[in-house]
Structures are given as structure tokens and as C-alpha cells.
């Protein structure tokens, strides 16, 4: 790999160590916890895996995603050892070829991996899917998402303007992780809809832009209220000027707040019904798109409906955020060899063990 | 750059066209893929969207250079290892 920092640094103290890490572009620009050998060893131990296990090669730089490398970045991000299985699962998900991680890292688009966690690890790690789940103030959400980003930088080699070519980026490139609010959801957990057994912890990842708010207030006296909610969500999904509208592809995530999810549930809709409805409603007329994005749209009948995504499977619906006026749509990249699909991976929770010196802390395996 | 590397891996002659803005990324991708010698031509930025006339002018300018590289009569704008 080009221009890589040395594998280890020697510093007189943590202040000097932090400056070294900044100088070698090993940070996201913010201070990090210094990954001393002792801290990294504890994190490796918490994974329950051998330090030299290689999860795969991470592009664009081609670094080996070893457990010790992941642990080092998890320490830097401020993770507790309990979080390590979630970070490892996120790596395993993103290293699947379908995710096109090297291209995700290299594109000029502002894509970042949105992580949604399901299962018992939500409680074990104290992840949240409620108020401000993607904002500041939630240690597990913030540090797990940050660990993933630091891995992308320090293992994958993504550096702005050299190998991470996002023209603007978005704040989710610092950290972009939340739980599904399973307790408030009227439906089965997202992970079960993707094939996981009940009680299985899993991480689901979609490469997306930042969340776009969708405002909607229910009217219980209006039988068309659920349809109005669906149309509002679909309108944001099909936002002209977005890659999804222009390229008619990719995967879009939709975070329904519990109140909005209940409106659709009370209308008799399953999660799958919502996915199907949004896929069908999120369209633009070809003529409208040709006016705006002529370079991307084929000529044809101007009255044709051009879908924002190709299939209902490309609409990831989950419950998150607190109840109120706002849900959110996460538009996406709609590019890459595999066209920006959702990926997911189970979180291995039976590998954890008690860490010497930290016997009094809750360890993932014990908490389950 | 990545496309150029894929073609080079098939033992085919190739010249990667890389714009000024993406030249550092070209360096990174070429080095990280272990193929820093794949020849590159440096183009102004942007090319996309610059219009047919501008592209015609650019194509006329670089076509002889591109052919010369393919014939081995000159090197790319990247500095080959050992040069």
C-alpha cells in the first residue's frame, strides 16, 4: 500500500502519540483514544478471535482486515470491548463483494455505510434507536460507527482527495450507526425480514447519503391518511436530482418513527406491504427527469413512470427515531458493479470472554 | 485508473486517461494495486460536460500522444518505477 504509516508508533506520552496519529492521517480529525498494546489486546480478547485472523482485503488501499487492526481502530474510536463483536460483524458485512467497498470508498458521491443493529446486542451494548439515534450523545452508536469509519480509513486507506474522492461528504462519514427500535416497532425486527432467526443479533448496512426528513401528521379521521404518508415518503425517495431518481437504482433506507410505523400498521400493512407500496409510488415521469438530468435518462415516452429503485427489496424499511412529525429517507448512490445493495451479517456473540482486569463490566456473551 | 489496471492485468496495452483532479487518486490506486507503471495521460479537469467542441480539441491533442505511448515511443505522464 502507498504512503502507509508505520504499523506501530513510539511516543513519550499520550499527547505526543495523539499528534503522531494526526500527523500520519490515522484519525478522522478528532482526538482518539491512544491504541496502546494493552488496550488493543483487551479489544482483541473481547472479540474472542485470534488477532491475526484476516477478514478480507479492504479497498481501495488493499489492507488486510485483521482482528488486531479492527481492534486498534475500535480502541481509537472509543469503543468498549463489549462493542467489538458489532464492529467485527460490520466489517464482515462490508467486505462482502456485493458491497463494492473499494468503490464505495473511492466514489465522488457522498455515500457512507449506514449501520442498523438488531437483536440482543442492542441491549448488551446499550445502542439506541430512539431520540437522536444518529446524533451526538450515544456512546455505543457513536463509537461503533466511528470505529467502522476509522477502519475504512486506516485499513482501507481512504483519505479525502487522494483515495476517498467524495466531493463533499456528509457528517455520517464520521459515524453512522443506530439500532432499530424493536420495542416500538409494530413489525418483526428488520433482521428477521432479512432471514435471521428471532433472537439473532445482526448488523444491516446500506451505503447512503445523510437522512432527509419527511414531515407528516396523521389524521385519524381521514381514511387516506396512510396513503398520504406513503406518498410523502415516496416523494422524498424520488427526489429529482438524486442519484436514485437519475439512475433508477440503488437501495434506499426508510426510517419510520414509531408513530408513523403504527399509522401504516393500523392500516393493515406489513413491512413488505410498505416496501412494495414505496417502490411503486417512488417514481418520476421520464419527461420531468429529461428536463433535469438529460445525461442520465434514456429518451422515450415522456409519460413513462421511472422508478427510483428497481425492486421492493431495494427499500429497507425499519423503525427508528422518536415518535413525532418526522421520519427519514436515506437516498443512496445507485452505482457500483452491484448497484448499491443492502448487506448484512450476524453478530457473533458467543466468542466473547471475560477480560482480565475488567471482570466487573458486562461482557457481551454474559449479558445474553 | 482501476479500469486501466484491469485491462493491463489481461496483458493488453493500455493507457489510462486521468484528469488533473484525480491524478493523486490515480497514483494511489496504481500503487495499491501494485501496478504503478501502467501508463497514464494527464487530462485537464473537467472533461465530462465540457461540450463536443472542447472534447474534439482535447481528443485531437492527446490522440498522437496516446498512440505514441502504445507504440512505446514515449512514456506516460506518470513516472515509471526505475525511470
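All of the numbers you see were taken from the coordinates with simple rules; none came from a lab. Here the structure is a predicted model, which is why all the values come from computation and not from measurement. Note: ideal-geometry Cβ built from the backbone for every residue, glycine included; neighbour counts use all protein chains shown.
For segment A:120-168 and segment A:242-271, write down the distance between their C-alpha centroids in whole Å.
23 Å
Counting partner chain Cβ atoms within 10 Å of every residue's Cβ in A:95-108, what's the average?
1
Largest first and to the nearest Å, give the Cα extent of chain A along each principal axis.
67, 44, 31 Å, listed from the longest principal axis down.
Hey, rough spin-label estimate for residue B:59 and residue A:96, points 7 angstrom out along Cα→Cβ, what's it come to in nanometres?
Result: 4.2 nm between the two label points.
List the relative contact order of segment A:160-257 as a percent without decimals, with contacts defined as Cα pairs under 8 Å and 6+ residues apart.
Worked out over segment A:160-257, it gives 19 percent.
In the P(r) worked out for segment A:101-183, what percent of Cα pairs fall beyond 22 Å?
29 percent
What FRET efficiency would be calculated for the residue pair residue B:48, residue A:219, taking the C-beta separation as r and a Förster radius of 35 Å, to the nearest 0.05?
For residue B:48 and residue A:219, the calculated efficiency is 0.15.
Given only helices, namely DSSP H runs of n ≥ 4 each adding -39500 (n - 2.57), what is the per-residue ellipticity at 222 nm of chain A, to the nearest 500 deg cm²/dmol?
-9500 deg cm²/dmol
Evaluated at 4 °C with a viscosity of 1.567 mPa s, what Stokes-Einstein diffusion coefficient in µm²/s does segment A:210-332 have when Rh comes from the Kirkwood expression over alpha-carbon pairs?
89 µm²/s
Please identify which residues in segment A:23-46 have an amide N closer than 19 Å to a label point set 7 Å out from the Cα of residue A:12, following the Cα→Cβ vector.
Counting only backbone N, you get A:23-24, A:34.
What average count of beta carbons from other chains do you get within 10 Å of the Cβ of residues in A:155-161?
Average neighbour count from other chains, rounded to a whole number: 2.
Specify whether the C-alpha gyration tensor of segment B:2-70 places it in the rounded, prolate or oblate class, a ≥ b ≥ c being the square roots of the eigenvalues: rounded for a/c under 1.5, otherwise prolate if a/b is larger than b/c and oblate if not.
Oblate is the answer for segment B:2-70, as a/c is 1.5 or above yet b/c matches or exceeds a/b.
Direction-averaged shadow area of the convex hull around the Cα atoms of segment A:46-100, nm²?
The Cα convex hull of segment A:46-100, projected and averaged over all directions, gives 3.6 nm².
Expressed as a rounded percentage, what relative contact order does chain B have, with Cα pairs under 8 Å and six or more residues apart?
Worked out over chain B, it gives 32 percent.
Quick one: check the C-alpha center-to-center distance for segment A:30-59 versus segment B:27-77, whole angstrom.
41 Å
Within a 10 angstrom radius of the beta carbon, how do A:326, A:83 rank from fewest other beta carbons to most?
A:326, A:83
Based on the mean of other Cβ atoms within 10 Å per residue, sort peptides A:332-338, A:88-94 so the most packed one is first.
A:88-94, A:332-338
Across peptide B:22-33, what mean number of C-beta atoms from other chains lies inside 10 Å of a residue's C-beta?
6
Take every Cα pair under 8 Å in chain A that's 6+ residues apart, average their separations, divide by the length, and report that relative contact order as a whole percent.
The value is 21 percent.
Assuming R0 = 35 Å, can you tell me the calculated FRET efficiency for the pair residue A:123 and residue A:23, based on Cβ-Cβ distance, to the nearest 0.05?
So, using R0 = 35 Å, E works out to roughly 0.35.
Report the gain in length on full extension from residue A:273 to residue A:51: 0.36 nm times residue separation, minus Cα-Cα distance, nm rounded to one decimal.
75.5 nm
With r defined as the distance between the Cβ atoms of residue A:305 and residue B:71 and R0 fixed at 56 Å, what FRET efficiency is calculated, to the nearest 0.05?
Approximately 0.65, to the nearest 0.05.
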